[in-house]
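First the structure, then my questions, so here it is.
We did not get these values from a lab; they are worked out from the coordinates using the rules stated. Keep in mind that what you see is a predicted model, and the values were worked out from it rather than measured.
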Amino acid sequence: MDRTYEFGILIAIKDNSYWQTFHSMMKPNQEFDDSETPYFSTLDKDRLASLIIDPNFAETSLIALVRGLQRLKEIAPGRVMLPCMTIVTQDSNPY
C-alpha cells in the first residue's frame, strides 16, 4: 500500500461537436504531462485494451480508469467499446 489517495472523476459530454471544438486545447494532467500521452476515443477498443494491459500503467490509476469506463458503459452504452471484465484485488479474495 502506498498510502496515497486517488479520486476518479468521470465527465461524460454528450455533445458530439465537443471533441472537434476543444481537442486542440486539451491538456493532460500533471502526471502525464508529456508529448506521448495519447488521446483517443473510448470507441477505439484496441487502444483501450493496449492501455489497460500496459505494465507501466499505475495499478491505482488503472482501477480508476476501468471503473470509469465501466460506468460510462452503463450510462452511455454506445460511447465505449469495453468488454465485460471484473476487477480482482487482494481484498476481493475470500480466502
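If a/c stays under 1.5 just call it rounded; otherwise compare a/b with b/c (prolate if a/b is bigger, oblate if not). Do that for region 41-85, with a ≥ b ≥ c from the square roots of the Cα gyration tensor eigenvalues.
oblate
What list of ³J(HN,Hα) couplings, whole Hz, do you get for region 59-67 from phi and the Karplus terms 6.51, -1.76, 1.60, once you set θ to phi - 60° and write x for glycine and proline?
Taking θ as phi minus 60°, the curve returns 4, 5, 5, 4, 4, 4, 4, 5, 5 Hz for region 59-67.
Still on this structure, please answer the following. So if each residue of separation counts as 0.36 nm, and I subtract the Cα-Cα distance between residue 52 and residue 20, what length gain in nm does that give?
Values: separation 32, 0.36 × 32 = 11.52 nm, distance 2.54 nm.
Full extension of this stretch gives 9.0 nm more.
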